[in-house]
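Any read-out appearing in this document is the output of simple, stated calculations on the displayed coordinates, not a laboratory observation. Since this is a predicted model, take the numbers as computed values, not measurements. For neighbour counting, all protein chains shown are included, and Cβ atoms are generated from backbone atoms with ideal geometry for every residue, glycine included.
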Amino acid sequence: MLEIFQYGFMQRALVAGVMIAIVCSAIGTFIVLKRLSMIGDGLSHIALGGVALGLFLNVYPVLSALVFSVLSAVGINRLRGAKIFGDLAIAIFFSAGLAVAVVLLSLARGFTVDLFSYLFGSILTVNETDLEVMLGMGIFTLAAVVIFYKELFYITFDEVAAKASGIPVEKLNTLLVVLTAITVVVSLKIVGILLVSSLLVVPVATSLQIARNFRETILSSMVFAIFSVVAGLIFSFYFNLAAGGAIVFTSVITFSIVMIYKKSRRKVY
């Protein structure tokens with residue numbers, strides 16, 4: 001079964017998928033526990049505007065999506081700080097991103113093949129440039145999480161106490177949403193705009209069913225995410241399925257199995 005990874009395109013897909021699985025789990029744990037699960041979905045749709053802008057201007061779509069998403073992430077955090085509820089701030093930028101995408105696509109006279117690869121993911125077409133960009137941004141995101149781990153942990157559970165302790169809560173919240181935006185953009189080629197939030201949330205939700213502490217939640221969510229990527233790639237190859245959908249579907253099935261297992265253990269005890 002693992003013979004499929006002898007092909008160059010599958011090797012690139014595996015490396016990119018594992019990197020994305022690790023990054024999504026690391027960032028996803030913080031945003032899920034901060035009750036910002038929908039920010040991934042919002043930023044992914046905002047990124048669509050950036051992708052459309054890149055295709056319209058004939059520049060690398062990942063770069064334009066990155067700039068567009070990071071600026072929107074900062075804007076979302078500013079609105080949240082201006083007494084606007086988090087979900088409302090996300091909805092405002094979500095709408096603006098989609099509006100930009102629709103306008104630019106109408107000017108460009110419709111959808112293109114490239115756009116569809118970003119909408120639904122195209123992990124099997126990841127090239128060397130895509131892989132280098134993903135690895136670079138992924139390593140940067142993980143490094144930021146490691147460096148600011150204690151501070152991010154603190155603001156995740158108690159922002160008031162963190163602020164009283166002198167921790168720059170607003171700056172760290174901005175950092176977190178920016179890292180989320182980077183993670184979303186990095187993941188576009190893997191699972192696509194329409195499914196990227198699932199990879200941020202579902203492995204973490206699965207991990208929360210069995211993990212006993214915060215660190216264990218992050219590590220086990222990484223394991224679940226990597227398993228979903230590898231299994232999804234194998235299923236997509238042998239059954240001719242869309243890789244992004246297969247990865248997310250595997251993740252959801254894994255969550256369901258863990259939930260059933262947890263409930264069965266409760267009945268036993």
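Using θ = phi - 60° and the Karplus curve 6.51 cos²θ - 1.76 cosθ + 1.60, what whole-Hz ³J(HN,Hα) does each residue of segment 14-19 get, with Gly and Pro shown as x?
Residue by residue, segment 14-19 yields 5, 4, 5, x, 5, 4 Hz.
With only Lys, Arg, Asp and Glu charged, each at its Cβ (+1 for the first two, -1 for the last two), find how big the charge dipole of segment 8-194 is about the Cα centre; round to the nearest 20 debye.
320 debye
Run the quick spin-label model on I210 and K262: label points 7 Å from Cα toward the beta carbon, then report their separation in nm to one decimal.
Placing both labels 7 Å along Cα→Cβ, they lie 1.1 nm apart.
Between V160 and V67, what FRET efficiency comes out of the Förster formula 1/(1 + (r/R0)^6) with R0 = 22 Å and r the beta carbon distance, rounded to 0.05?
So the FRET efficiency works out to roughly 0.10.
Considering only C-alpha atoms, what is the centroid distance from segment 178-206 to segment 207-230, in Å?
15 Å
Per residue of segment 59-74, in order, report the coupling 6.51 cos²θ - 1.76 cosθ + 1.60 (Karplus, θ = phi - 60°) as ³J(HN,Hα) in whole Hz, putting x for Gly and Pro.
Result, rounded to whole Hz: 10, 4, x, 5, 5, 5, 5, 5, 4, 4, 6, 5, 4, 5, 4, 5.
Can you sort M19, M38 from fewest to most other Cβ atoms within 10 Å of each residue's own Cβ?
M38, M19
For the residues T29, T254, what sequence is obtained by ranking on other C-beta atoms within 10 Å, fewest first?
With the sparsest Cβ surroundings first, the list reads T254, T29.
Sorted from fewest to most neighbouring beta carbons within 10 Å, what does the list F93, F120 look like?
Taking fewest neighbouring Cβ atoms as first place, the list is F120, F93.
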